[in-house]
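Here is the structure we will look at.
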Amino acid sequence: MLFVIARNGGGVPVAVKKIINPVFPARFEMTSSSLIMPDLLTRRIYLEALVNTHGQLGTLRRGDLRGTRNERVNFASKNIEIKLDTAQK
């Protein structure tokens, strides 16, 4: 399971995109249906991606993969890359 999480400048998750059985490189699109906290959405966001086999967000488990974008991007940006470069130990 692949999760792409958008966080506002304060680090609060404002949108989540869930992709079942992703094929990499995976394409994703954040839309209004991805919003979980629409009132806290800012135009510029941080993106994070998580891959796991248990299908749940929350505490990372051994073997889960994570990647983040260190710089903020516009919510409507296109062609954004997130590298899954950290494995949970």
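Since every read-out is calculated from the coordinates, none of them should be taken as a lab result. If you're wondering where the values come from, they're calculated on a predicted model, not measured in any experiment. Cβ sites come from the backbone with ideal geometry, for glycine too, and all protein chains shown count toward neighbours.
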So ASP39 ticks every box in (1) part of a loop (DSSP other than H, G, I, E, B); (2) exposed (fewer than 12 other Cβ atoms within 10 Å of the Cβ) but one. Which box is left unticked?
(1)
Would you mind stating whether VAL14 is β-branched (Val, Ile, Thr), part of a strand (DSSP E or B) and either surrounded by fewer than 17 Cβ atoms within 10 Å (Cβ to Cβ) or within 12 Å of the chain's Cα centre (by Cα) (or both)?
yes
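Look at segment 43-64 and say how many of its residues are surrounded by 15 or more Cβ atoms within 10 Å (Cβ to Cβ) and either in a helix (DSSP H, G or I) or over 12 Å from the mean Cα position of the chain (by Cα) (or both). Don't jump to the end; show me each part of the working.
Initially, segment 43-64 is screened for residues surrounded by 15 or more Cβ atoms within 10 Å (Cβ to Cβ), giving 45-52, 60, 64.
Adding the requirement that they be either in a helix (DSSP H, G or I) or over 12 Å from the mean Cα position of the chain (by Cα) (or both) leaves 52, 60, 64.
Residues meeting the conditions: 3.
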Consider segment 65-87. How many of its residues are part of a loop (DSSP other than H, G, I, E, B) and touching a strand residue (DSSP E or B) at 6+ places or on another chain (Cβ under 7 Å)?
8
Per-region count, segment 26-36, residues touching a residue at least 24 places away in the same chain (Cβ under 8 Å) and either in a loop (DSSP other than H, G, I, E, B) or touching a helix residue (DSSP H, G or I) at 6+ places or on another chain (Cβ under 6 Å) (or both)
3
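Please state which one of ARG72, ARG61 is in contact (Cβ under 8 Å) with a residue 60 or more places away in the chain and among the basic types (Lys, Arg). Show your work before the answer.
Values: ARG61 fails: in contact (Cβ under 8 Å) with a residue 60 or more places away in the chain.
The unique qualifying residue is ARG72.
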